[in-house]
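Enquirer: The structure's right below; bear with me while I get my questions together.
The values are calculated or read from the model by the stated rules, or taken from the named source; none is laboratory data. From a predicted model like this one, the values you see are computed outputs, not experimental measurements. Heads up, the Cβs are rebuilt from the backbone with ideal geometry, glycines too, and the neighbour counts pull from every protein chain shown.
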Amino acid sequence: MKERRQSGASEAPYGKMAPQQRPPSRPRRRRERNAGGILAGMFMGLRGAIFCAGFSVLSVSLIVWAFFWPHDAAGKIRAISPLPVPKVLDLAQFQGKHKESLFWGTYRPHLYFGIRSRTPKSLLAGLMWLGVKDGRHVLRHVCEDSDNLSQFGWLRHDGSTYGRQKIVDQEIVLSTYFLKSWDQESGYGGDWSVRIKVESASKVITESRDASSIFFYVVNEDGGAVNILGKDSLSKGQVPFATGHDVEYGNWELHLKKKTEAQVNFAGIHTSFMHNLTQLVWRKLEIQGRSTGRLQLSDDSQKLANMAIFQVAFV
Ligand SMILES: *[C@@H]1O[C@H](CO)[C@@H](O)[C@H](O)[C@H]1NC(C)=O
Ligand SMILES: *[C@@H]1O[C@H](CO)[C@@H](O)[C@H](O)[C@H]1NC(C)=O
């Protein structure tokens, strides 16, 4: 400490001195010694600074460490063990009626409109419709940013029994309603119904028959059979419907009711893949389109069909 103070005191006069005024030999030696003192002092100061900086970084990282890792009283990291109580979902208030009221729902968030049950393998239901993109028809089904819809999403939803949505796709306005109900004959989870209202702001769309088609499907994720009672097995004027059996819900039926003059076509399809149903249906429509000139379902059913799709075209 003493040395540093000395060198610091002798720094100022030397800096001011002009070179030609410097006295020879002895004072130069003194100056060299003093310069060495200055350097040593600077170096020590720097070392101190480095040490301080290092220490402050260390203390900051220690604080972060302490915040993010659980420590016991001794400061050692310990494993987190679950609280020895039942899971919230296993509590009585989340079972029984509450659980049943949530059995069916609009639980397919990647679709504009889709329904499934709270089981690992479910009967899936969904809505598709024909939209227009770059002057060509496309199937709307999975929410795609490129669909460029000006509006979609729930306007009202109580999370379990009721929901109302408005979808605006260029000139087509679709209102979708979802409602669950229970009566004496209802199975577990009750019954559900869907109402789809289609309005068109422009005549151009309604005049092109293809563009005013909506599709509603049910598909058994489990691969279980889905039968369609088509025109052959129905009396005149009756609308085709789908039936099936499932281990979870027993026998089920899906009926269509149309309010306006509309044509109903259908197809029964076998598929093991649920992630590309849009492509599957589009491929079917394209094949029909090539032979008949219309994007219209073929009114037949494949062997082992686990999907029933209905097309409602407004005429
Ligand atoms: C998307 O729709 C808006 C109007 O809702 C329109 O102005 C815009 O050009 C459309 N974008 C594309 C890529 O079609
Ligand atoms: C659906 O995906 C599966 C597997 O990725 C593929 O084998 C099948 O051909 C696809 N179907 C269609 C219609 O694209």
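Enquirer: Can you pull out the strands (runs of 3 or more DSSP E) entirely within segment 135-196 that have at least 3 residues that are at pLDDT below 95?
Expert: Passing ranges, in order: 136-140, 172-181.
Enquirer: Yes or no: segment 246-266 includes at least one residue that is in the same structural domain as Asp134 (by TED's automatic domain parsing), within 16 Å of ligand 2 (Cβ to nearest atom) and among the polar types (S, T, N, Q).
Expert: Checked segment 246-266: no residue is in the same structural domain as Asp134 (by TED's automatic domain parsing), within 16 Å of ligand 2 (Cβ to nearest atom) and among the polar types (S, T, N, Q).
Enquirer: Output the residue which, of all residues in segment 139-173 that are more than 22 Å from the chain's Cα centre (by Cα) and under 26 Å from Leu280 (Cβ atoms), is surrounded by the fewest Cβ atoms within 10 Å (Cβ to Cβ).
Expert: Among those that are more than 22 Å from the chain's Cα centre (by Cα) and under 26 Å from Leu280 (Cβ atoms), it is Gln170.
Enquirer: Now a separate question. Scan segment 89-100 and report the pairs whose first residue is under 23 Å from Lys180 (Cα atoms) and whose second residue is aromatic (Phe, Trp, Tyr), with Cβ atoms within less than 8 Å and a gap of 6+ or a chain change.
Expert: Close Cβ pairs satisfying both conditions: Glu100/Tyr188.
Enquirer: Out of all the residues in segment 112-123, which are outside any strand (DSSP E or B) and closer than 26 Å to Glu171 by Cα?
Expert: Residues satisfying the conditions are Tyr112, Phe113.
Enquirer: On to the next question. Since Gly126 meets every condition but one in (1) part of a strand (DSSP E or B); (2) modelled with pLDDT of 90 or more; (3) within 16 Å of ligand 1 (Cβ to nearest atom), which condition does it not meet?
Expert: (3)
Enquirer: Exposed (fewer than 14 other Cβ atoms within 10 Å of the Cβ) and either under 26 Å from Asp191 (Cα atoms) or at pLDDT 90 or above (or both), is that true of His275?
Expert: So His275 passes the test.
Enquirer: Would you confirm, using the coordinates I've provided, whether Glu185 is within 14 Å of Gly131 (Cα to Cα) and acidic (Asp, Glu)?
Expert: Criteria not met by Glu185.
Enquirer: Spot the failing condition for Ala125; the list is (1) crowded, with 17+ Cβ neighbours inside 10 Å; (2) more than 23 Å from Asp246 (Cβ to Cβ), and only one is missed.
Expert: Going through (1) crowded, with 17+ Cβ neighbours inside 10 Å; (2) more than 23 Å from Asp246 (Cβ to Cβ) one by one, Ala125 breaks only (2).
Enquirer: Something else now. Might you check whether a residue that is at positive phi, small (Gly, Ala, Ser) and without any contact (Cβ under 8 Å) to a residue 40 or more places away in the chain occurs anywhere in segment 239-250?
Expert: Checked segment 239-250: no residue is at positive phi, small (Gly, Ala, Ser) and without any contact (Cβ under 8 Å) to a residue 40 or more places away in the chain.
Enquirer: Still on this model: Of all residues in segment 175-206, count the ones that are closer than 27 Å to Trp252 by Cα and touching a residue at least 12 places away in the same chain (Cβ under 8 Å).
Expert: 18
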